[in-house]
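So the structure is just underneath, and the comments pick up after that.
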Amino acid sequence: MHTDEELNRRILVVDDNRDIHSDFRHILRMPDEGVPSDLSATNAVLFGDTLSASKIPRYDVKCVDDGMSGLVVIQEAFEANKPIALAFIDMRLGLGWSGSETIAKMWAVDSSLQCVLCTAYSDIPWDQVIGELAYSDRLLILRKPFEPIEVQQIAISLTHKWTLAQRTRFHFDGLSSVAMERTMQLQEANARLLQDIERRRQASERNAKTAQDLERKNIELATARDELSAAKAHMENIIESMADMLLVIDSNMAISAVNRALLCLLGYAEEELIRESPSKIFGEELAQGSIIEALYCYGSVKNVETSYLAKNGQTIPISLSGSLMKDEKGTIQGLVCVAQDITERKRMDEERHQLQDRLVETSRRLGMADVATSVLHNVGNVLNSINVSVGIMTTTIRQSLVGDVRKVSQLLNEHNEDLGIYLSQDVKGKQIPGYLAQLAEHLLKEQEVTTKELESLIGSAEHAKECVAMQQGMVKAGGLLEPVILADLVEQALSINKLLLDQVVVNLTKDYQDIPEVMVDKHQVLQILVNLVRNSVQAMQAVDERILTVRIGLTPDKKNMVKLEVSDTGEGIHQDHVTRIFSQGFTTKKEGHGFGLHSGALLAKNMGGSLHVRSQGLGCGATLILTLPIGTSDSHSMTPLSFAMLK
């Protein structure tokens, strides 16, 4: 067994929720001084027993909000030769690295660190976590909400394990030094042998190089001959290998040459078309009446949509480009036409609307999944705090000394006849008044602890209720036009993102002009605003200056339009990405899906407005600009679109 002096009881907690920090401190640093020593001694005199102190060892607990701060603590402790033995790390950290990334970086600094990965809900598959960290005896998984005894037992086991591992390593290092000395002797002998081998190899390579140079020159001469002979065949093969269809018409208006692509598409043999009139493949419309006339007038045509007539009578849509052939004197020698089969393009145009409908449905489902993820994470943390508060109250009540009041009452009843003498002269009786005073003070402290935990419990329950109510309000069906005050919707969006705003520590600036009500779909506008605020806050996580500015006003260049701007001092947007930021599936985030801003742009357009972005480049922040009409318009049909929040 290890003594307390030998065990390393330094523990680190990494969680973006400050309430979780308090929970771990409650669990791992429960005060032993809860029962004063003099009170315990008096209890022994009166009742013949002692008040047992908690057997839970005390730990040196440090808490940080994010993985980068945790890594700094691990590195400083390691360099000071006071390494951390155990780290409790949350899977979903609000800032910077995830839990698995943080563990990997900590292990790179201190490979002996024991880690516990805590999670209430994770959208990262466990296979991915194992792929990043591999199976390791240094890693445990702890589900939220957890019991205090689980944390205590894990802390005891893993700190003992860390100490045992250090002792084993020191013993192994002693054995390794002996093996290292022998290894160095073998390496020196091996180096001398390798040097001798290298000298012989270099001599052999010099001999082989001369032969290789002669062989290379012969190969180069043969390659040059092959290239010259292949050049002619290559040029002749270009026409036959063209994916586009080639048609050559001579000066007598007869077909003089075709390529394989045209023959395969129309189903003719080459001899069936050569010296025939172009009307045979252009059909009854005799396209040379328009296209060929344009060629003679302008010298060329480009991407003219017409059709070919196949041998089986099928009409095939094509895009045709052509030009005149002239000799050195400028005399017309014929026409060269290149055509592309656009059947597939026509079919794809017909499918475009179907694909758009599928995009809308996919975006809606993805948005609902994001809502569920956010609710599970927020409520999971709240439930964990509730569970810890209940555990503390249960322990306080179970260890309460309120039962000693009954014992004192029994002693007083036994000496009811000579109570004054008993209290003033008896050894036990003289201690009763002082003990009652100490007991009263101790019971008042128990009451304060219980009251404080009850208030925390009520606050946590209210917070869980607010999380669920806010998220439910965002998933209501849209499509109903109603007059709304845009400033009220902005305040709701900021309230929904309050947890993220507090975590990132953002300075918020508001500039609301007095504008009329807008006639829009309230829920669609709200989901756009929630998405814009979330994107701007997330863009500032990696910078020092975090200022979020929200402006509302009228557009100076467009009548009957209002403008809402969400500006941040974040990482900014690369100029190549400014035109792509609203494209479907485009994202610069590691865990993003590229539907949030795209869906927001669709919603804004659907309501007769627009959504665009302005940024001077990386490091210069960005401004997202939403414009909406003030009044109603029959030209804008309101249909529910996707709820897609970029994560």
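The values are calculated or read from the model by the stated rules, or taken from the named source; none is laboratory data. In this text the structure is predicted, and so the values were computed from the model without any measurement. Here Cβ is always computed from backbone atoms with ideal geometry, including for glycine, and neighbour counts include all displayed protein chains. Note: accessible area is taken over every heavy atom of the protein model, side chains too, but ligands, DNA and RNA are not part of it. Shrake-Rupley method; radii C 1.70, N 1.55, O 1.52, S 1.80 Å.
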If I model a spin label as a point 7 Å beyond the Cα along the Cα-Cβ vector, how far apart are those points for residue 482 and residue 554 in nm? 2.7
Highest first, please rank the peptides 600-609, 126-135 by the mean number of other Cβ atoms sitting within 10 Å of their residues. 600-609, 126-135
Only loop residues by DSSP count here, and only those with at most 14 other Cβ atoms within 10 Å; note down the GluC sites (Glu not before Pro) in region 497-573 that meet that. 517, 545
Taking a ≥ b ≥ c as the square roots of the Cα gyration tensor eigenvalues, with a/c under 1.5 meaning rounded and otherwise prolate when a/b beats b/c, else oblate, which class fits region 150-307? oblate
Once both labels are modelled 7 Å past Cα along the beta-carbon direction, what's the residue 275-residue 72 spacing in nm? 9.0
With θ set to phi - 60°, apply the Karplus curve 6.51 cos²θ - 1.76 cosθ + 1.60 along region 59-73 and write out the HN-Hα couplings as whole Hz, x wherever there is a Gly or Pro. 10, 8, 9, 10, 10, 9, 8, 9, x, 5, 5, x, 5, 4, 4
Express the C-alpha Rg of region 95-199 as a ratio against the empirical globular expectation 2.2 N^0.38 Å, rounded to two decimals. 1.64
Residues residue 517 and residue 545, FRET efficiency given R0 of 30 Å [Cβ-Cβ distance, rounded to 0.05]: 0.30
Using Cα-only point scatterers and the Debye equation, what is log10 of I(q)/I(0) for region 478-616 at each q in 0.10, 0.13, 0.16, 0.17 Å⁻¹, rounded to two decimals? -0.33, -0.57, -0.89, -1.01
Rounded to the nearest 10 Å², what accessible area does residue 620 have for a 1.4 Å probe in the complete protein model? 80
Lysines with Cα under 22 Å of residue 510, excluding same-chain neighbours fewer than 8 positions away: 498, 522, 563
